[in-house]
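The values are calculated or read from the model by the stated rules, or taken from the named source; none is laboratory data. What you are looking at is a predicted structure, and each value in this text was computed from that prediction instead of being measured. Because the Cβ atoms are built from the backbone with ideal geometry, glycine has one as well, and the counts that use them run over all protein chains shown. Each accessible area value is taken on the protein alone, full model and side chains, heavy atoms only, with ligands, DNA and RNA left out. Shrake-Rupley method; radii C 1.70, N 1.55, O 1.52, S 1.80 Å.
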Amino acid sequence: MIIQLQKDINQAKKSEIVSAIEKIKYKVTEVTTRENNYLVAVGKADFDIREIGHMPGIVDVFRVSDDYKLVSRKWKIKPTLLKLGSEITIGEGTLTLIAGPCSIEGEEQVNNTIKHLTENNIKIMRGGVYKPRSSPYSFRGMGIEGLKMWHNLAEKAGIKIISEVMQVSQIEEMHDYVDIFQVGARNTQNFNLLDELGKVDKPVLIKRGISGTIDELLYSAEYVFSAGNEQLILCERGIRTYERASRNTLDINAVPILKEKSHLPVIVDPSHAIGIRKHVPAVALASVMAGADGIMYETHKTPEKAYSDGQQSLDFEESEKLAKMAREVWALKVKFEQ
Ligand code: PEP
Ligand code: MN
């Protein structure tokens, strides 16, 4: 059960409500986000919702049978829309394009990518400065100095930044230089990291774990929400299956299922999903058709020279074509749904 409280509720009223819930043997967790004030109550006893619903200080009471609650669409039917500045909205009803290199490599690369994005009206740039690499000998990112350099150039061009945070200690140093924190597939269940991102006043995109189920992704989002941050994006990026012909298996099913289960925006990363450059546009477009609220893909001026993931990075020409086609597919889909 989710009890939405008045934002300015005083402690005395809150305590009365908590006591009333504890009386029916439900366990209560207080959740205070920048936007709202909730009590999440978990228990089994059958009770008359009016016993609690009438109490002063309550906006509404929702029964939610899912084990994850705050991210569930069972209580919040309206989709969550995230604002980045005054110009960008992410969520249902819009198509968000995010593109950029796997790794930030240097000033020249950042500049040529920003130019490419600006020319194609893509407003959010991806790029890693802390890279989780399977081999310790691979390029592991430029670190915080790379992020500062990137931020400086992106800000001047009006481009927003999404970058992966790998551990709790990086949150603070990265905070002023990113617009969205990315939680990578290897960290989806790093619960300490998720808890700490709950305290942050910026959106968090959570990738699905490499072998994670859809429900596990939703639980991860629930961690961040219940720790205080409602600004969340879910990202399907392919899962590990028995199939070796592609890097991962894009679970296209996850798109409509996540959209049905949760009110949060759903973005697909086709690059890490298929891992094969020439096939990235096909699965990206399929994701848009399947109902994704956006796509995030890797692009590089010279993919063959990229420090990481060049094999799945589109060159700028291919990226331009994909951006155009994605918008057209999106428009077609909207038309079909009318
Ligand atoms: C990335 O986005 O570059 C990345 C490392 O992705 P994932 O966590 O999905 O592997
Ligand atoms: Mn990558």
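Side notes on the structure shown:
- Check on residue 44, more than 34 Å from the chain's Cα centre (by Cα) and more than 19 Å from residue 227 (Cα to Cα): no
- Residue among 88, 77, 122, 104 that is open to solvent by less than 10 Å² (accessible area, probe 1.4 Å), touching a residue at least 60 places away in the same chain (Cβ under 8 Å) and either away from ligand 1 (no atom under 16 Å from the Cβ) or closer than 19 Å to residue 313 by Cα (or both): 122
- Of the candidates 286, 331, the single residue that is surrounded by fewer than 24 Cβ atoms within 10 Å (Cβ to Cβ) and within 27 Å of residue 244 (Cα to Cα) is 286.
- Residue that is aliphatic (A, V, I, L, M) and either in a strand (DSSP E or B) or open to solvent by 30 Å² or more (accessible area, probe 1.4 Å) (or both), where the choices are 17, 3: 3
- Cβ pairs under 8 Å, 6+ apart, first in region 51-72 and of a type outside the set (Gly, Ala, Ser) and outside any helix (DSSP H, G or I), second surrounded by fewer than 16 Cβ atoms within 10 Å (Cβ to Cβ) and at pLDDT below 90: 61/49; 63/49
- All positions within region 131-160 that are buried (at least 22 other Cβ atoms within 10 Å of the Cβ) and within 20 Å of residue 272 (Cα to Cα): 141
- Qualifying residue in region 171-179 (condition: within 14 Å of ligand 2 (Cβ to nearest atom), under 21 Å from residue 237 (Cα atoms), surrounded by 15 or more Cβ atoms within 10 Å (Cβ to Cβ) and among the charged types (D, E, K, R)): no
- When residue 99 is tested against (1) open to solvent by less than 40 Å² (accessible area, probe 1.4 Å); (2) in a helix (DSSP H, G or I); (3) within 16 Å of ligand 2 (Cβ to nearest atom); (4) under 21 Å from residue 267 (Cα atoms), just one condition goes unmet, and that condition is (2).
- Screening region 242-282 for residues that are in contact (Cβ under 8 Å) with a residue 60 or more places away in the chain and open to solvent by 30 Å² or more (accessible area, probe 1.4 Å) and picking the one that is nearest to residue 186 (Cα to Cα) gives 247.
- A single member of 297, 307 is touching a residue at least 24 places away in the same chain (Cβ under 8 Å) and surrounded by fewer than 24 Cβ atoms within 10 Å (Cβ to Cβ), and it is 307.
- Residue within region 238-246 that is at pLDDT 95 or above, among the charged types (D, E, K, R) and part of a helix (DSSP H, G or I) present: no
- When residues in region 297-307 are screened for being within 12 Å of ligand 1 (Cβ to nearest atom), farther than 20 Å from residue 284 by Cα and either touching a strand residue (DSSP E or B) at 6+ places or on another chain (Cβ under 7 Å) or not in a loop (DSSP other than H, G, I, E, B) (or both), 1 of them pass.
- Conditions (1) under 17 Å from the mean Cα position of the chain (by Cα); (2) within 15 Å of ligand 2 (Cβ to nearest atom); (3) part of a helix (DSSP H, G or I); number of the one not met by residue 311: (1)
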